[in-house]
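K.L.:
Could you have a look at this structure, given as structure tokens, before my questions?
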Protein chains: 2
Amino acid sequence: MRSAGAMNTANPGNPGSPDDAWLDQVSWDADGLVPAIAQEASGGRILMVAWMNREALAETVATGRAVYWSRSRGRLWRKGEESGHVQTVRELRLDCDGDVVLLKVDQQGGIACHTGRHSCFFQRFENGRWEVVEPVLKDPESIYR
Amino acid sequence: MRSAGAMNTANPGNPGSPDDAWLDQVSWDADGLVPAIAQEASGGRILMVAWMNREALAETVATGRAVYWSRSRGRLWRKGEESGHVQTVRELRLDCDGDVVLLKVDQQGGIACHTGRHSCFFQRFENGRWEVVEPVLKDPESIYR
């Protein structure tokens, strides 16, 4: 990513240019989306899974900050735009089938989940039930003002 | 999981029984599926992403081995059934929206990907391209005989 000094693309957001071959290699689904996993660069914990369209992935690369596509709101979702919990992308990977993207990120504020928890995967299966095993670090009402 | 001695469910594969509440809490998509991330229990590397239906998730819990739903083959896919690269499930998590499952696994043979690589996420974005950055550990032709 640009901010990490590791990646450069020319015109990442201009579909059709020769430099968009990397975007064409992604296997977008029927809705033009791919799932994107955000994994903490330090420690490897999985923070969240969201969706990206072509524009979101291009902007993620161009800015070095995670940008998703909000299916519920039907628009680009610049992670942290309301909460301040921005994700700085350190590395970007694509799987063998090209249909899942993996982002290794630094999580601003240490909170990825809208519930105020570090990770969205805070429910662990135990004794036939999903148990909440991670604390709320910050009241969501104070995050989303 | 049973094999890890950490989880027990009665009748995990019998939809409709009272013990299936945990399966009902999963937000299955329109096709009755959820994405499932397999993460290495030791080290935290992400190995692969596949899909599960209700039956696959129930059998995963019942047996302690990762079972997916193969969309291409339209049937249950007991990971390792051909390759021997079984995944023993150490922990199972669900995200905040209930629509993604996370499995922490031990990967038999150290190979999760059908290309013979450790992880399916072997392509890293560098200088505007997806570069292959992980070696083939075993020729796929010798894996799938």
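K.L.:
I need the calculated FRET efficiency for the pair A:D24 and A:N127, taking r as the beta carbon distance and R₀ as 41 Å, to the nearest 0.05.
P.N.:
E(calc), rounded to 0.05, equals 0.30.
K.L.:
Follow-up question, since we're still on this one. Using a 7 Å offset from Cα along the direction of the beta-carbon, what are the separations from A:G98 to the same position in each other copy, nm, ascending?
P.N.:
Distances between equivalent label points, in nm: 3.6.
K.L.:
Under the 0.36 nm per residue contour assumption, what length would be gained going from the current alpha-carbon distance of A:D31 and A:D106 to full extension?
P.N.:
Net length gain for the segment: 24.1 nm.
K.L.:
Once you sort the root eigenvalues of the Cα gyration tensor of region A:98-140 as a ≥ b ≥ c, which label holds: rounded (a/c under 1.5), prolate (a/b larger than b/c) or oblate (the other case)?
P.N.:
oblate
K.L.:
Okay, moving on. Under a crude label model (7 Å from the Cα following the beta-carbon direction), how far is B:D99 from A:L137 in nanometres?
P.N.:
2.4
K.L.:
Alpha carbons only, please: Rg and Dmax for the protein assembly as shown, in angstrom.
P.N.:
When restricted to Cα atoms, the protein assembly as shown yields Rg and Dmax of 18.9, 58 Å.
K.L.:
I would also like to ask the following. Taking amide H atoms as placed 1.01 Å from N in the peptide plane, list the residues 5 or more away in sequence, or in a different chain, whose amide H sits under 5 Å from that of B:V100.
P.N.:
When sequence neighbours closer than 5 places are left aside, the close amide H contacts are B:D95.
K.L.:
Also: With no solvent and one equal point scatterer per Cα, compute the Debye intensity ratio I(q)/I(0) for region A:43-113 at 0.11, 0.12, 0.17 Å⁻¹ and report its log10, rounded to two decimals.
P.N.:
-0.24, -0.29, -0.59
K.L.:
On to the next question. How big is D for region B:12-85, in µm² s⁻¹ as a whole number, if Stokes-Einstein is applied with the Kirkwood radius of its Cα pairs at 37 °C and 0.692 mPa s?
P.N.:
It diffuses with D of about 251 µm²/s by this estimate.
K.L.:
Would you mind checking the tilt of helix A:54-63 against the longest principal axis of the Cα atoms of chain A, expressed as 0 to 90 degrees and rounded to 10?
P.N.:
90
K.L.:
If each DSSP helix of 4+ residues adds -39,500 (n - 2.57) and the sum is divided by the residues in chain B, what number results at 222 nm, nearest 500 deg cm²/dmol? Please report the intermediate quantities before stating the final value.
P.N.:
Numbers: 3 runs with 18 residues, N = 145.
Using -39500 (n - 2.57) per qualifying helix, the result is -3000 deg cm²/dmol.
K.L.:
Continuing with this model, one more query. Taking the Cβ of B:V105 as the centre, find all other residues whose Cβ is under 14 Å away and add up their charges (Lys, Arg: +1; Asp, Glu: -1). Don't jump to the answer; show the numbers that get you there.
P.N.:
Numbers: positive: B:R45, B:R65, B:R78, B:K79, B:R90, B:R93, B:K104; negative: B:E40, B:E91, B:D106.
Around B:V105, the surrounding residues sum to +4.
K.L.:
Gap in Å between the Cα centre of region B:25-67 and the Cα centre of region A:54-95?
P.N.:
25
K.L.:
On to the next question. Treating each Cα of chain A as an identical point scatterer and ignoring solvent, apply the Debye formula and state log10 I(q)/I(0) at q = 0.13, 0.16, 0.21 Å⁻¹.
P.N.:
So the normalised log intensities work out to -0.60, -0.87, -1.35.
Values quoted throughout were computed directly from the atomic coordinates according to the rules given, and no laboratory measurement underlies them. Just so it is clear, the model here is predicted, and its values are computed rather than measured. Neighbour counts run over all protein chains shown; Cβ positions are idealised from the backbone, glycine included.
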